[in-house]
Structure formats: C-alpha cells, structure tokens
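Below you'll find the structure, written out as structure tokens, and then a few comments.
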Ligand SMILES: [Zn+2]
C-alpha cells in the first residue's frame, strides 16, 4: 500500500492535450462562507509538438507584479501555431495573496516561498506548495519563477541563477542566460533555504531560474521589459518558438554573486531608517549605510548602520519604519574574473 497520496487540488486543465487551454487549479477551502469552497487559481497550458516543458510562475508572493503582468500578456498573445513544446503558465501562484495585494495569504498568513515542499493536508498555501512540488515541477524541464521586492523592498532588476556544478550545466546555463539577457545575473545558493520553489526544482532536477525585477508593490517598467524579453529569448533558445522577434537591447550582463548573509543589512534597533545610499550605488565595507532615529528620544544621536562588505546595492528597504532585525537592503558582488568558471575543474 503506497503512502504517497496525490494532491487534493483538482483542475480542468489536461496537461497532455494539444492546443491552448485556459482554466483553474482548484484548491479545496472549506470555511464558514463556503462549506465546499474552492480557491480557483487561473492557469494556462499550451502544447504542440515535441519540445520541452517550460513552467512560468508569478506572484509566488502576492505583492510582486512584473511576473504576473508579463505572464498575463503571454497567455493572451502566445502564437500557438508556432509553439514547439509545452508551456504551463500560472501568473499568480499564491492567488489569495495576489488578490489581497499582500506578500502572504490572507487565508492562513502563509508565505508560499517558505513552505515547500508543502503539505497535502495543510493550509491553502501549503497545499499550493505541495501541488507545485508534486505535480507542476515534475512536469517541467525548465521553470522560471518571477519575483520582486514586494511592499517592503525595492530591487534593481536581476535574474537569479543556480551555480552550475558541471561543465554541462555551465554550458546550458550560459545558453539560457545569454538568451534571457538580463542587465544583471546573480549566482546565489539559497542561503540555506530549502523551503523555496527553487529548492523544489532542485529536488526534481528541473532547470530553475528566478529573479527580482522591481519592488515597492508597483510594476517596474524596466523590470517588466526585462521579464517580457527574457521569456521570449529563452523560448527561442529552447527552440519552443522561432527566433525571437522581441527587440532586446545589446548589453553586457553584469555577473554578480550573493555569497552569504554578510551582504545583507539588518536593523540593529527599531526606529526611523534614514538611508545614506541609493539603489545601484557602489559601496565599500565600513561605509555608512544609514542611521536609525529613535522616535522615543528624538534628541539623541541616531544609531549608525554600516555595510559589512563591498558591492553594488541591489536592494533597498521601502518602509522607513523599522524593527530590530528588519532587512534594510543587500548587496551583490561582482564575480571575480579569476573564479568565473563556477564548476569543478577536475
Ligand atoms: Zn518574492
């Protein structure tokens, strides 16, 4: 008797049927107002030919918008007659959070990108994670999950990629990265997080990219264009669509890495944070990052905060009011040319 039970989420979409289908992923949600209720998450499956499966997701956090806006447009405009492969699009994965305009779900306060691998019998957010981990990711050869800073952070549009472990992985990453052509690409190692969608992809050996394309709960127009052109570029590189007709600026991709928590700034105390840097600034270790004013004793000198490392300010907090431990921003560091081959040499 198998102990593995399938997800309780149902769908009218048939993943193996040719053509374009629009429908919903339906999460059972029995509550006071609706005893047999479902949360209907909009999605699209498009299939034609024998090419690979690409999964594109947005609003894993509900207040991040470049992914959803680009994906809604893709759902409307995909040239199905030219598709080679299978495209699965979910513009707003944490749909309750997306409708509320919040990072976490108003139903269960769930932060979708911190609950993988999820739970079949868990809360709505946990059930979504479990479905992504056990159904969507296993279908996908490639997956891209589009993020932004949400309400509390603002980012320079940056694609996040896994550090390749073999020459083969490095070649594939280079091909896809060049096709996406973001202004910045950053290696990151999840900083120990195994609760994120990328970790789920890792477990299933699905090629995965993510990224931060703006923030402040707005639509960053530069980030939106990076996402839109990036999807078109990747789909042509994977030979899922003919050579991209989307114009992409000829640019050098700035290669960055995020190697640890020392690149983050955290508030040492509560108060009003007055930054001393702007998004995109090049900073050095020891440089003043800002001060925190004490609203209770405003006549006292504010508490200084300094950078622990050098790098480019990729992310800055949007809210001035802080509590101890709040993230004030973080840096990325240029990949050292001497170490730019990020895979074993033997
Ligand atoms: Zn996010």
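The numbers here are math on the coordinates, done by the rules we state, and not lab data. This is a predicted model, so every value here is computed, not measured. When we count neighbours, we look across all protein chains shown, and the Cβ atoms used for this are built from the backbone with ideal geometry, even at glycine.
Please list 282-294, 30-42 highest first by mean number of surrounding beta-carbon atoms within 10 Å per residue.
On the way: 282-294: 15.6, 30-42: 12.2.
The densest-packed peptide leads the list: 282-294, 30-42.
Give me the Kirkwood hydrodynamic radius of the chain in Å, from all C-alpha pairs, to one decimal place?
One decimal place: 21.2 Å for the Kirkwood radius.
Considering only 122, 85, 329, give the residue with the highest GNM mean-square fluctuation for the chain, with springs between Cα atoms whenever their separation is below 10 Å.
Comparing 122, 85, 329 in the GNM, the peak value goes to 122.
Taking every pair of distinct Cα atoms and averaging 1/r, then inverting, what Kirkwood hydrodynamic radius in Å comes out for the range 6-90?
14.1 Å
Taking the Cα of residue 99, stepping 7 Å toward and past its beta carbon, and measuring to each backbone N in the range 124-144: which are under 18 Å?
So the set is 124-129.
Sort 269, 315, 327 so the one with the fewest other Cβ atoms within 10 Å of its own Cβ comes first.
On the way: 269 13, 315 23, 327 16.
Fewest-to-most Cβ neighbours within 10 Å comes out as 269, 327, 315.
Using label points projected 7 Å from each Cα along Cα→Cβ, tell me how many nm separate residue 189 and residue 262, to one decimal.
It works out to 1.2 nm between the two label points.
Over the alpha carbons of the range 179-233, what is the largest minus smallest coordinate on each principal axis, giving the biggest first in Å?
Principal-axis extents of the Cα atoms in the range 179-233, largest first: 33, 27, 15 Å.
What order, most packed first, do the peptides 123-135, 57-69 have when packing is the mean number of other Cβ atoms within 10 Å of each residue? Intermediate results must be reported in sequence, preceding the final value.
Details: 123-135: 23.2, 57-69: 26.4.
Going from most to least packed, we get 57-69, 123-135.
Along Cα→Cβ, 7 Å out, is where each label goes; now give me the distance between the ones at residue 50 and residue 121 in nm to one decimal.
About 4.4 nm, to one decimal.
Classify the range 157-249 as rounded, prolate or oblate, taking a ≥ b ≥ c as the square roots of the eigenvalues of its Cα gyration tensor: rounded when a/c is under 1.5, otherwise prolate if a/b is larger than b/c and oblate if not.
Note, shape of the range 157-249 comes out oblate.
Quick one: compute the contact order of the chain, relative version, from alpha carbon pairs under 8 angstrom and 6+ residues apart, as a percent.
15 percent
Can you give me the Cα centroid spacing of the range 287-305 and the range 61-85 in angstrom?
44 Å
On a 0 to 90° scale, report how tilted helix 66-77 is relative to the longest principal axis of the chain, with both axes built from alpha carbons and the result rounded to the nearest 10.
It works out to around 30 degrees.
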